[in-house]
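The values are calculated or read from the model by the stated rules, or taken from the named source; none is laboratory data. Bear in mind that the values here come from a model prediction, so they are computed numbers and not experimental data. Here Cβ is always computed from backbone atoms with ideal geometry, including for glycine, and neighbour counts include all displayed protein chains.
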Amino acid sequence: MALIGVQAAEWGNWRGPNYNGSTDEKNLPAKFSKTKNVIWSVKMDGPSAGTPIVWGEHVYVSSSNPDAERLMANCYDRGTGALKWAHQVSKGHRQDNRSNYAAPSPVTDGQVVTFFYGNGELATFTPEGEKLWSQNIQKKHGQFAFLWTFSTSPIIHDGILYMQVLQRDTKVGSKGSNDNRSYLLALDPKSGRQLWKVYRPAKARSESLEAFSTPIPFTHNGRGEILITGGDCLTGHDPKSGEELWRWGTWNPTRIGHWRLVPSPVAGDGVVLACAPKRAPVFAIKAGGKGNISASGRLWNSEGSRDGVSSDVCTPLFYQGSFFVLYGEGRDKMLSRVEPKTGKIQWASDLDSRSLFRGSPTGADGKIYVQNHAGNVHVIEAESGKVLHRAAMGEDGDDQTRASITVAHGRLFIRTNSRLFCVGKS
């Protein structure tokens, strides 16, 4: 079973209370617009792919400002949208035209809230906005070695703050060194003190060593793990020490060198799902393994471009006992409902979208919510795959809207490039 985190009302990390994109929230609207069923909306400082984080009366949002080159940590009142506090964490905006430094989502356990940015800045505050500590991961652990802007979201689980850096082992232009190593880092959330650091080796080559995924807590048969995907393999780690418990790989037997990885792992029904990139298959691995399970751990894999069950960017959803896999690239953007144990496709729905999907699907109240690059939110019936509604929440000309949708306290929190909407039944 997937790890059950906090109560369903809270959304403390980018994939929600169950770390799989789902929540038990009910009574959510199927239809809405920029004005219909909007409780409040506020203008954002600038774009971010980060998912809004909701806990109690607080909504935490990262943002970047392209003109002022400031990276902001903001907190809004959940009931009214009023700004409670804001801090400029760092200067900067981006290193390429595909993303910006504010792509990671914040994380909170209700005691502290941590913001991370792709330039390495890590900052932690109290819920009331008092700064507790900050540090730059690059300055402490070496310059990042990524072709694109680094993005992974921090996770707080059982009193430990986890950061994952899966990078190249050689320089990327002038970035990094020829002695780079990938690692999983554990910190004390309240002080920033390092608890441990473990290296995570991989046989991948070049860009395929780069991962933009997020570590995912998971419990199976009473054993807690931290799941990590990247470097052409999937691993499970002891949450207390970082020790590698098991490893499966690979989806890249010929060691293609340009297969950077974006989707995070997702688990449910005793199965861990990993997505190979570039229209390659998804792979289902049996949970509970020990040691190297490359020869025995695979339950099934999809056919990728041939059956449409693939994901280059979007992290799959586990909801109502099934995986929901979104391929948001190309001409046909397909959402597929898949049986965890067998890989049987229960339905496949063409979302009929000209814009790409780079946000990950959210499941709640029998519906799936997902936003495309243009800021159009699609609402899909989980049982049938029928598209119930499309809501144009972005502005004219919007592109590269990447934030996933948060569900908490009976509300949808939708972050476009320029606004944050709180949507619910009036």
task: Considering every residue within the stretch 395-402, establish whether at least one is touching a residue at least 12 places away in the same chain (Cβ under 8 Å) and either small (Gly, Ala, Ser) or over 26 Å from ASP67 (Cα atoms) (or both).
output: no
task: Among the residues of the stretch 236-276, write down those that are in contact with a helix residue (DSSP H, G or I) (Cβ under 8 Å, 6 or more places away or on another chain) and either within 24 Å of TYR319 (Cα to Cα) or among the polar types (S, T, N, Q) (or both).
output: ASN252, LEU261
- request: Among the residues of the stretch 139-168, count how many are more than 25 Å from PRO217 (Cβ to Cβ) and modelled with pLDDT of 95 or more.
  value: 5
- request: Taking only the stretch 211-233 into account, find how many residues are in a strand (DSSP E or B), free of Cβ contacts under 8 Å to residues at least 60 places away in the same chain and under 19 Å from ASP269 (Cα atoms).
  value: 3
task: Give the number of residues within the stretch 47-63 that are within 21 Å of THR214 (Cα to Cα), part of a strand (DSSP E or B) and touching a residue at least 40 places away in the same chain (Cβ under 8 Å).
output: 7
query: Taking into account only those residues within the stretch 164-184 that are basic (Lys, Arg) and closer than 16 Å to ALA202 by Cβ, which is farthest from the chain's Cα centre (by Cα)?
result: ARG181
message: For the structure I just gave you, tell me whether VAL89 is among the hydrophobic types (A, V, I, L, M, F, W, C) and closer than 19 Å to ARG15 by Cα.
response: no
- request: Report, by residue number, each residue of the stretch 282-323 that is surrounded by 23 or more Cβ atoms within 10 Å (Cβ to Cβ) and touching a residue at least 60 places away in the same chain (Cβ under 8 Å).
  value: ALA287, THR315, PRO316, LEU317, PHE318, TYR319
message: Residue pairs, Cβ under 6 Å, 6 or more apart or interchain, first in the stretch 252-281 and farther than 15 Å from TYR19 by Cβ, second among the β-branched types (Val, Ile, Thr) and part of a loop (DSSP other than H, G, I, E, B). List them.
response: VAL262/VAL313
Residue tally, condition of a type in the set (S, T, N, Q), within 26 Å of GLU339 (Cα to Cα) and not in a strand (DSSP E or B), over the stretch 384-414: 2
Extreme residue, nearest to GLY304 (Cα to Cα), among residues of the stretch 234-255 that are assigned to a loop (DSSP other than H, G, I, E, B) and among the charged types (D, E, K, R): ARG255
- request: Could you check ALA9 against (1) closer than 22 Å to ALA102 by Cα; (2) of a type in the set (A, V, I, L, M); (3) surrounded by fewer than 21 Cβ atoms within 10 Å (Cβ to Cβ) and say which number it fails?
  value: (1)
field: Cross-chain or 6+ apart pairs with Cβ under 8 Å, the stretch 82-101 first and among the charged types (D, E, K, R) and in a loop (DSSP other than H, G, I, E, B), then modelled with pLDDT of 80 or more and buried (at least 20 other Cβ atoms within 10 Å of the Cβ)
entry: ARG94/SER64; ARG94/ASN100; ARG94/TYR101; ARG94/GLY118; ARG94/THR149; ASP96/THR149; ARG98/THR149
query: Considering ALA68, ALA82, ALA49, which residue is over 17 Å from the mean Cα position of the chain (by Cα) and modelled with pLDDT under 95?
result: ALA68
task: Please list, ordered by first then second residue, the pairs with beta carbon atoms under 6 Å, 6 or more apart or interchain, first in the stretch 170-193 and closer than 29 Å to ASP109 by Cβ and touching a residue at least 12 places away in the same chain (Cβ under 8 Å), second polar (S, T, N, Q) and part of a loop (DSSP other than H, G, I, E, B).
output: SER182/GLN167
statement: Pairing a residue in the stretch 136-158 that is within 18 Å of LEU261 (Cβ to Cβ) with any residue that is part of a helix (DSSP H, G or I) and at pLDDT 95 or above, where Cβ atoms lie under 6 Å and the two sit 6 or more apart in sequence or on different chains, gives PHE144/GLN138; LEU147/GLU207
